[in-house]
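In what follows, a structure is listed as structure tokens, so that the remarks can point back to it.
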């Protein structure tokens with residue numbers, strides 16, 4: 001028997017009212033909550049992430065415990081290295097689905113990078129991981 005999901009609420013987020021916050025997974029990014037987590041009772045998360053001007057860092061190899069992680073680049077570029085895939089440069093208009101548990105690391109990003117990230121669920125854990133071996137990155 002399946003349990004019924006709570007009904008999602010209507011939600012809208014306008015850029016003119018947007019606020020980016022420094023609190024998030026990475027200290028070199030700012031995050032704009034699009035209100036989807038609240039509207040779906042935490043089943044789905046959606047936020048716009050942008051680089052803090054002049055700030056760069058390393059995510060280190062890691063993985064996420066979630067069902068879906070989709071990234072769509074709005075402007076600029078970001079480069080990741082994915083286990084079993086290798087280096088992937090995502091530029092404006094690029095979209096990537098990161099399968100559950102895939103080990104990856106951010107290599108670099110442009111100062112103007114901005115991307116939309118959608119996750120299921122909204123809250124998930126991130127685990128540090130050993131670097132993927134050369135054979136495992138394709």
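The values are calculated or read from the model by the stated rules, or taken from the named source; none is laboratory data. Since we're looking at a predicted model, the values are computed, not measured. Virtual Cβ from ideal backbone geometry, glycine too; neighbours counted across all protein chains shown.
Figures for the structure shown
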read-out: Flag if residue 78 is within 13 Å of the chain's Cα centre (by Cα), surrounded by 17 or more Cβ atoms within 10 Å (Cβ to Cβ) and either within 20 Å of residue 32 (Cα to Cα) or at pLDDT 95 or above (or both); value: yes
read-out: Among the candidates 33, 65, residue that is under 27 Å from residue 5 (Cα atoms) and surrounded by 17 or more Cβ atoms within 10 Å (Cβ to Cβ); value: 33
read-out: Positions within segment 83-98 being modelled with pLDDT of 95 or more and crowded, with 19+ Cβ neighbours inside 10 Å, in sequence order; value: 90
read-out: Residue within segment 83-91 that is under 24 Å from residue 21 (Cα atoms), assigned to a strand (DSSP E or B) and in contact (Cβ under 8 Å) with a residue 12 or more places away in the chain present; value: yes
read-out: Failed item in (1) in a strand (DSSP E or B); (2) more than 17 Å from residue 116 (Cα to Cα); (3) in contact with a helix residue (DSSP H, G or I) (Cβ under 7 Å, 6 or more places away or on another chain), with residue 46 passing the rest; value: (2)
